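Each value in this text was obtained by applying a stated rule to the coordinates, not by laboratory testing. Being a predicted model, the structure only gives us computed values, none of them experimental. Cβ placement follows ideal geometry from the backbone for every residue including glycine, while neighbour counts extend to all protein chains displayed.
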Amino acid sequence: MAKNSSTLNSHDSHAVADTLAAAQDSSLADVAANGHGDEHYPSRQHFPSVTSAMQNPPDATQLAGGSVHRASAYSVAQSQLTRVAAVMGLDNDMINYLRMPRRELVVHFPVVMDDESVRMFTGFRVHHNTTLGPTKGGIRYHPNVDLDECRALAMWMSWKCALMNLPYGGAKGGVIVDPKAMSQDELRRLTRRYATEITPFIGPEIDIPAPDVGTNAQIMAWIMDTYSMHKGYSVPAVITGKPIGVGGTVGREYATGLGVTYVTRSLLKRKLGLQIEDATVAVQGFGNVGSWTARTMHERGAHVVAVSDVGGGVYNSRGLDPRHLRAYATETGSVMGYPGAETLTNEELLELDVDILVPAALEGQITAENADKIRARVIAEGANGPTTPEADEILNDKGVMIIPDILCNAGGVVVSYFEWVQDLQAFFWDEGEIRHQMERKLLDNLDEVLAVTLRTNQDLRTAAYTIAIGRIIEAVKLRGIYP
Ligand code: NAD
């Protein structure tokens, strides 16, 4: 199994050395430990604040996603499925089966706050499909988390895992909370109680969570510890994205961003004849996915001209240095105010005249309202579900190449899978091996997607969905519908 970084091409070998060196850089080590910027969520206040949510627990309509979100992520996910099912000629029985999550858990639980008051929180965990194996998917801490969003994200995880040929179904979970408004102690108590509430629902052979928006490696360590305390022995394989010291894997921290770069670089060259070093890039969202995408693209010569976070964006036509920017954002809490750059809004960033636009924040960012104004040649979906089906249509008509989330950002779940395998075997791989295996898995599956696009003239999303859903259906047929 052991291979080393000599299996990488020379450009990537430099990037490996760069990343290893950076791991010793204390500001970046901080980023790795803390994971996320210090953002607030002023523009996403559709759901009641934590306190009011506790006083008025969400009703069934709200929990189902009802009228709370401007665009229901679940209805977007369902309409994507319906569209692809029509292309694939699926029968209604199969469509109805795939539309529904298998299991949903809603928990309301108390947490003792630092001032000794007790607050109630609401959390979720959804398992979409378990035909291919246990479920896999992130845990999100955000004020706007709801059951609807978890259902959508769980469904997308099913497609992503199937597309990557991983032995998993899709899951997602989260807690309605603004983690930046809590102390570390409060966050630890909330995490341990949420982990306890969902314990019957998770496990190495049931459902293996991972980080997502608002959660990080430390939170994964608390969940691993809580689950292990209940079992009476250490169970590192219950969760991925853990710190390396408790069974995490090298490479997980940057895997999603590096995977976005691998897939985008390959498609740029093969479909547009463009080298990554000649490309300009704008990145929306500067958390785990956005910052590592910006950095790994920059390390390969791309010109990252704009990045943003929830507070707004910064722009420099000569290019930004994502590493310095990350250090600045970690220190100040935002990219805003970065010296030597102009400011711009998130809307302006999406409309920049760049080669590659990377939405790496939240779902529903590119819609029928702004799709016409997008000038990028390529949209590399770092986030899950950033583009609505209506926007897809407009952009496809304009000839914009959209690299769909289930392909573009799959590096994270691929390396999470490697982490789970290593934990189960108690045998750990080196960084060169992880990178080599991740790149191979992404690019092999990209080849399959491209082959379908050539054979059928479909866009990349339709082709990726066709392969993923086809793999699940094949397994359903082989297993049969129980009993
Ligand atoms: P994160 O919490 O680390 O970062 C989110 C970033 O988005 C922050 O910089 C935040 O300020 C910014 N943001 C939030 N709301 C915004 C808004 N309205 N406009 C602009 N920026 C906004 O989260 P993450 O882990 O980087 O995840 C980002 C996206 O990538 C999500 O869609 C997530 O589901 C997806 N994803 C994450 C992973 C992973 O490994 N973490 C893997 C695959 C996909």
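Here is how the numbers come out for the structure above:
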| item | result |
| --- | --- |
| Residue order, fewest to most surrounding Cβ atoms within 10 angstrom, among I198, I481 | I481, I198 |
| Neighbour-count ranking [beta-carbon atoms within 10 angstrom, fewest first] of D207, D91, D392 | D91, D392, D207 |
| Estimated vicinal HN-Hα couplings, Hz - segment 408-414 in sequence order (Karplus 6.51, -1.76, 1.60; Gly, Pro = x) | 5, 9, 6, x, x, 6, 5 |
| Contact order normalised by residue count of segment 183-243, Cα under 8 Å, 6+ apart, percent | 39 |
| Across K160/K242; K172/K271; K136/K441, pairs whose alpha-carbon gap is larger than 25 Å | K172/K271 |
| For the chain, calculated [θ]222 nm from helices alone, where every DSSP H run of n ≥ 4 adds -39500 (n - 2.57) | -14500 deg cm²/dmol |
| Cβ charges +1 (Lys, Arg) and -1 (Asp, Glu), total dipole of segment 367-483, debye | 300 |
| When the chain is reduced to its Cα atoms, the Kirkwood hydrodynamic radius in Å | 22.4 |
| Radius ratio Rg over Rh of segment 300-438, counting only Cα atoms, Kirkwood formula for Rh | 1.03 |
| Cβ-based exposure ranking for Y328, Y254, in which fewest neighbours within 10 Å come first | Y328, Y254 |
| Overall form of segment 50-240 per C-alpha gyration tensor (a/c, 1.5; a/b vs b/c) | oblate |
| For the chain: relative contact order, % (alpha-carbon pairs under 8 angstrom, 6 or more apart) | 17 |
| DSSP-loop GluC sites (Glu not before Pro) across segment 89-163, with at most 15 other Cβ within 10 angstrom | E116 |
